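Asks: I have a structure I would like to understand better, so I am pasting it below and will then ask my questions one at a time.
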Amino acid sequence: MFAVAIAASLIAMTAVDPQTLPVTTDLAKSLRSHVEFLASPDLKGRKPGTPGNRTAADYISSQFREAGLESLPSLHGYGHQISAKLGDNLIGVRPAAALQMSSQRSPRWLLIGAHYDHLGGNYLGADDNASAVAILIELARRLPALPHHSVLFVAFNAEEPPFIRTPLMGSQYFADHLPAEIGSLSSLQAVIIMDLMGGVHWDPLREVIFAAGAEKSPALYRRVKEAASRPGTLNDERGMMNAEQGSSSLSTQHSALSILPVGMHLVEEIPLVGQVSFSDYDAFRNASVPFLFLSAGRTPHYHQPSDLPDTLHYERMASTVRWLKNLLQHVDQDTEPYRFEAGRMEFADEVASLRPLVARAADWSTRIPGTSPLSLWKLRRDDQWLNGLDPAAPSQEDVKRLERVAIRLQCLLADFPACFLI
């Protein structure tokens, strides 16, 4: 019997084929059009400082213009130059309904951003990060002026290596060289960063977007959870799971977007390495600006030439545009500045998000494609541990183990070698 089980576990679990997913709504078709342009071979991977990167910047600027976004007067256009060699960040503004840009009053801002550069050459970067830029553009088209906050739509440049985690990273440069109209980083009520928003590899994540970082700001976290609990999202009785109750069942229906809250430590704490930041949120987190990081996570196409437009889930991206519009309209209602608490976490919600995913990953019939027998054995031990865990009173070892579980899942989803070592 044991030999049969092992043999069955070696049968390749079929990955989701995005080409079989329908693209029926006008919004999804528009998103695909943006991705196909930005990740076309003509742009040669949008590496900073190249003609393809400049062409991408011109395209995004034209889309900002068509969406009716204003430019900041001090910039004389959408471009916010990092350097003559590397190119620009791109900034478009939707002023608050009751505020003229010429007003002497200092406004409060919401910022939503995504980087538009990629690695260059044969690495065309459809998911990383044309997917998020497409969402940024379509959100700009659909979000009306908010009553209380002006909204900054920012396409950051120079996020990829060798610029990530350096002063030349586009988001870090923005934070260090704020346009005059913004004043200081303290005027940012909240920042939403998107990265890797279109990929899909494992069926239980077909309609999932992970939400990290908001746990550092209690009021922002409350808004994210409220938005996730509305019909068609995480906590809806028809959705994938109930984070409040920690349900371990996952629906087989794929009509509802599911927003899963996870802590930043589950994303960044690499065993034997330590904390490693992975995207543009880092510049704002380091300045104690409340932030939300959204991602569908890595797939085997991450930083590979296979990251192409036909590997994305465009209807989920369309659902994300609609969800973000709703979230921003509710965040706008909060006029008191959000607090930032660097060490804060929501451990019970993290367990509720991961528990049903680990249960699926630990079952050979629903495992992540490419899972080895040894990794499957480790996941089954993780599943047993999670089912016996009291998330209301975690020890430091509980926190560390949950971090290892999260990294193991990410490793398997991206098809990195030696996942069993984590």
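Asks: In this structure, does Val151 turn out to be under 22 Å from Pro391 (Cβ atoms) and either surrounded by fewer than 23 Cβ atoms within 10 Å (Cβ to Cβ) or at pLDDT 95 or above (or both)? Even if it seems obvious, please write down each step before you answer.
Replies: Numbers: under 22 Å from Pro391 (Cβ atoms): no; either surrounded by fewer than 23 Cβ atoms within 10 Å (Cβ to Cβ) or at pLDDT 95 or above (or both): yes.
No.
Asks: Report whether or not Gly246 is in contact with a Ser or Thr (Cβ under 8 Å, 6 or more places away or on another chain), part of a loop (DSSP other than H, G, I, E, B) and at pLDDT below 95.
Replies: Criteria not met by Gly246.
Asks: Taking segment 48-73, which residues are farther than 15 Å from Gly92 by Cα and surrounded by fewer than 14 Cβ atoms within 10 Å (Cβ to Cβ)?
Replies: Pro51
Asks: Looking at (1) over 27 Å from Glu346 (Cβ atoms); (2) among the hydroxyl-bearing types (Ser, Thr, Tyr); (3) touching a residue at least 60 places away in the same chain (Cβ under 8 Å), which is the one condition that is false for Ser372?
Replies: (3)
Asks: Residues of segment 116-125 being surrounded by fewer than 24 Cβ atoms within 10 Å (Cβ to Cβ), small (Gly, Ala, Ser) and outside any strand (DSSP E or B), which ones? Explain how you work it out, then say what you get.
Replies: The first filter runs over segment 116-125 and keeps only residues surrounded by fewer than 24 Cβ atoms within 10 Å (Cβ to Cβ), leaving 119-123.
Filter again for small (Gly, Ala, Ser), leaving 120-121.
Listed by number, the list holds a single entry, Gly121.
Asks: If Arg142 satisfies all but one of (1) surrounded by 20 or more Cβ atoms within 10 Å (Cβ to Cβ); (2) in contact (Cβ under 8 Å) with a residue 60 or more places away in the chain, what's the number of the condition it fails?
Replies: (1)
Asks: Inside segment 303-422, counting only helices (runs of 4 or more DSSP H) that do not spill past its ends, which hold 3 or more residues that are more than 20 Å from the chain's Cα centre (by Cα) and not polar (S, T, N, Q)? Explain how you work it out, then say what you get.
Replies: Details: elements: 314-331, 347-361, 373-388, 396-413.
Here the list reads 347-361, 373-388, 396-413.
Asks: Taking interchain pairs and intrachain pairs at least six residues apart, which have beta carbon atoms under 6 angstrom, with the first residue in segment 172-192 and closer than 18 Å to Pro73 by Cβ and the second at pLDDT below 95 and aromatic (Phe, Trp, Tyr)?
Replies: none
Asks: Sticking with this one: Yes or no: Ala348 of a type in the set (A, V, I, L, M, F, W, C) and surrounded by fewer than 20 Cβ atoms within 10 Å (Cβ to Cβ)?
Replies: Values: of a type in the set (A, V, I, L, M, F, W, C): yes; surrounded by fewer than 20 Cβ atoms within 10 Å (Cβ to Cβ): yes.
Yes; evaluated as a whole, the condition is true for this residue.
Asks: Now for a separate question. Tell me which of these Glu237 doesn't satisfy, since it passes every other one: (1) farther than 25 Å from Asp415 by Cβ; (2) of a type outside the set (Gly, Ala, Ser); (3) modelled with pLDDT of 95 or more.
Replies: Here Glu237 meets the rest and fails (3).
Asks: Could you please find all residues in segment 266-302 being outside any loop (DSSP other than H, G, I, E, B), touching a residue at least 60 places away in the same chain (Cβ under 8 Å) and out of contact with any strand residue (DSSP E or B) (no Cβ under 7 Å at 6 or more places or on another chain)?
Replies: Taking segment 266-302 first, the residues outside any loop (DSSP other than H, G, I, E, B) are 266-270, 274-275, 281-285, 291-295.
Retained after the next criterion (residues that are touching a residue at least 60 places away in the same chain (Cβ under 8 Å)): 266-267, 269-270, 281-285, 291-295.
Matches in segment 266-302: Leu266, Ile270, Asp282, Ala283.
The values are calculated or read from the model by the stated rules, or taken from the named source; none is laboratory data. Just so we're clear, the structure is a prediction, and the values are computed from it rather than from any experiment. Note that each Cβ is placed from the backbone with ideal geometry, even for glycine, and that neighbours are counted across all protein chains shown.
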